[in-house]
Amino acid sequence: MNIYIELEVTNREFESRLLLAFEAAYRNFNVYIAYRKDIQDAALNSKISPGIIHMKDANGTSDQIQIYDKLKKLGFKITAQDEEGGFVYDNYSVFADGRMTDGLSFRFIDYLFCWSKREKDYLFEKYKNLNTKFLETGSPRFDLNKKKFVKEYKNDFYQKYKIKKKFILISGLSFPLSLRRFADRIVIDSLMVKKEDRDAQENKAYLGEAESILSTRAFISLIRFLSKNLDDYDIVLRPHPGTLKGDWEKIIGKDTNVKIISDGNISDFIINSELLIQKNCSSAFEATILGKKVITFFPNLLIKDNEKLYDFLNNLGVIASSKEKVLELIKDISNFEYPNINKNEINNRISFLFDDSLSFLKIVNCWEKIRNSFDSNKNIKGFTRRYHQYYKLKIKKLIKKIFFQPQTNVNVHDNKLKNFNYKTLEENKKKFIKNYNLKYIDALKVDIIEDKILKVSK
C-alpha cells in the first residue's frame with residue numbers, strides 16, 4: 001500500500017516526515033514525501049494508485065473540500081495533522097474555528113491526529129457525530145525533543161555551520177513583506193473569519209503588519225547592539241521560513257560575529273546554543289522542553305499586540321523590554337532565573353512530551369489499521385522517476401545558479417522547500433541511526449526520484 005505524506009516547510013517538518021516514512025516503509029508500505037499540490041494533482045489525475053494521503057492540515061476551504069470529495073471517490077484514504085497545531089493559543093477554539101471552517105473537512109478525513117487531549121476534547125464536543133475520527137497522538141515533530149534521544153554534538157555542529165564560538169540563537173525573525181505581497185497578506189487574514197466580521201479583522205491585519213515592521217526594526221537594533229558588545233559569542237539568526245535569508249544579510253551587513261543560517265532543523269541549533277532570544281516563536285517551547293534558557297525580547301513599541309494570542313510563548317522566557325536588559329541577562333547567564341514551568345500546562349498543549357511514548361509510532365499504527373481494511377489494488381502505482389523531466393529540471397536549476405537569479409524571483413513555495421535535497425536526507429539518516437538507534441534505516445531504499453519527491457520503501 002502507498003502512503004503519500006504532504007510537506008510544507010522542509011526545515012520545520014522534514015525530520016518528522018522522515019521518521020514517519022522510515023517506520024512505515026519498515027512495515028512494508030511504499031512511502032512518498034512531496035509538496036501538497038504535487039501529491040493531489042497526481043492523485044486527481046490517476047497518475048498514482050489509491051492509498052493513504054497524509055495531509056498537512058484539515059483545511060476546510062471550498063476548493064479543498066472539492067478535492068477531498070474527488071479523492072474519496074477515487075478510493076483514497078485521508079489522514080491529517082495540522083502542522084500549526086494551535087498549541088500556542090490559550091483559547092484553542094480561536095485557532096480551530098479559523099483553520100477548520102466549521103469542520104466540513106471531517107466528513108472526508110478518515111482520521112485527524114490531535115496534538116493534545118485539549119484538541120481532541122474540543123473536537124469531540126463540537127463534532128460529536130464524527131468523534132471516532134479524532135485520535136490523540138501528540139506530534140512527531142516533538143519526538144525529536146525527547147531527552148533520551150537528544151544529544152549535543154557541538155564539535156560536528158560547529159564545524160558544519162562554521163561557527164567559531166559559543167553562540168546566542170535568535171529565532172523566528174520575520175522580515176515584513178519579504179515574500180508574500182501586502183495585499184495577499186491582508187486578504188488571507190480577513191478570510192479567516194465570517195463575512196460580517198471581516199472589516200474588524202482587516203483592521204487587525206493592518207495593525208499586525210505595522211507591529212511586525214516596528215518589531216523587526218527593534219530586533220535589527222538589538223542584533224547590531226549585541227554584535228558590538230558581545231566579544232565572547234557568535235550570534236546566530238534563524239529567519240522565519242516565509243522570509244528570505246538575503247533580506248537579512250542586506251540589512252544586518254557583514255558583522256563577523258553575526259551568522260544568518262536558514263539550513264537545518266532548529267532543534268539542533270537550540271540544543272547547541274547557550275540561550276535563545278525570541279518573540280512570539282514556537283522555538284521558545286522547544287527550548288523550554290530541552291532545558292535551555294530563553295529571553296523574550298518585548299520592546300516598547302508604538303503599537304501593542306492587539307490580541308494576546310502569544311502570551312504563553314512569551315512567558316516561557318525572561319522578558320526584556322530593552323536591548324540593554326538583554327545584554328545584562330546574557331552577561332549574567334549563569335545566574336538569571338528561569339520562569340516557573342508548569343508541566344501540566346505544557347502537556348495540555350502537546351501530549352506525551354514527558355514520557356517515553358513516540359507519536360510517529362502511534363500514527364503508523366493507525367495507518368496499519370487502515371491497510372488491514374483497505375481494498376488494495378495489486379498493481380500499486382506510485383510516483384516514478386521521469387528521467388527526461390528529472391534531468392531537465394536539474395539542468396534548468398544549474399543554469400539559474402550559474403547565471404545569477406535575483407532573489408526577488410524566489411516564491412514562497414520554493415523558499416519553504418529549499419533544503420529538500422540529498423544532503424539533508426543523508427544528514428538525517430545518519431542522525432536517526434546514531435541518536436534513535438533506528439538501524440533498520442540502512443535496509444531501506446531511499447531516493448529523491450524527482451524534484452522534491454522522495455520515495456522510501458523496503
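In this structure the amide hydrogen of N280, modeled in the peptide plane, comes within under 5 Å of the amide hydrogens of N314, none closer than 5 places in sequence on its chain. For the peptides 207-216, 115-124, residues were scored by their other Cβ atoms within 10 Å and the scores averaged per peptide; the highest-first order is 115-124, 207-216. Taken over the alpha carbons of the stretch 11-162 as equal point scatterers, the Debye sum produces base-10 log I(q)/I(0) values at 0.09 Å⁻¹ of -0.34. In terms of distances greater than 29 angstrom between alpha carbons, the cross-link table entries K128/K369; K126/K146; K120/K439 yield K126/K146; K120/K439. Applying the Karplus relation 6.51 cos²θ - 1.76 cosθ + 1.60 with θ = phi - 60° to the stretch 272-287 yields 3J(HN,Hα) values of 8, 7, 7, 6, 10, 10, 8, 8, 6, 10, 5, 4, 4, 5, 4, 4 Hz, where x marks Gly and Pro. Packing-based ranking of 30-40, 159-169 yields 30-40, 159-169, ordered from highest to lowest mean Cβ neighbour count within 10 Å.
Distances between placed amide hydrogens fall under 5 Å for K259 paired with I235, V236, L237, all partners being 5 or more residues away or on another chain.
Pairs from the list K279/K429; K162/K254; K162/K423 with a Cα-Cα gap above 25 Å: K279/K429. Using only alpha carbons, the stretch 212-341 has a radius of gyration to Kirkwood radius ratio (Rg to Rh) of 0.92. Highest-first packing order for the peptide set 48-54, 224-230, 133-139 is 48-54, 133-139, 224-230, based on the mean count of other beta carbon atoms within 10 Å.
Judged by the ratio a/c of the largest to the smallest principal axis of the C-alpha gyration tensor, the stretch 65-108 counts as prolate, that ratio being 1.5 or greater while a/b is larger than b/c. Per-residue 3J(HN,Hα) values for the stretch 114-131, derived from phi via the Karplus relation 6.51 cos²θ - 1.76 cosθ + 1.60 with θ = phi - 60°, read 8, 5, 8, 5, 4, 5, 4, 4, 5, 5, 3, 5, 6, 10, 4, 6, 10, 5 Hz in sequence order (x marks Gly and Pro). Close amide-amide hydrogen proximity is noted between L7 and A34, Y35, R36, each under 5 Å apart and 5 or more residues distant or on a separate chain (H modeled in the peptide plane; Pro and chain starts excluded).
For the stretch 320-325, 3J(HN,Hα) computed residue by residue from phi via the Karplus equation (6.51, -1.76, 1.60; θ = phi - 60°) reads 10, 9, 9, 5, 5, 5 Hz, glycine and proline entered as x.
Read-outs throughout are calculated quantities, based only on the coordinates presented, and are distinct from any laboratory measurement. Everything numeric here is computed off the predicted structure, so don't read it as measured data. Because the Cβ atoms are built from the backbone with ideal geometry, glycine has one as well, and the counts that use them run over all protein chains shown.
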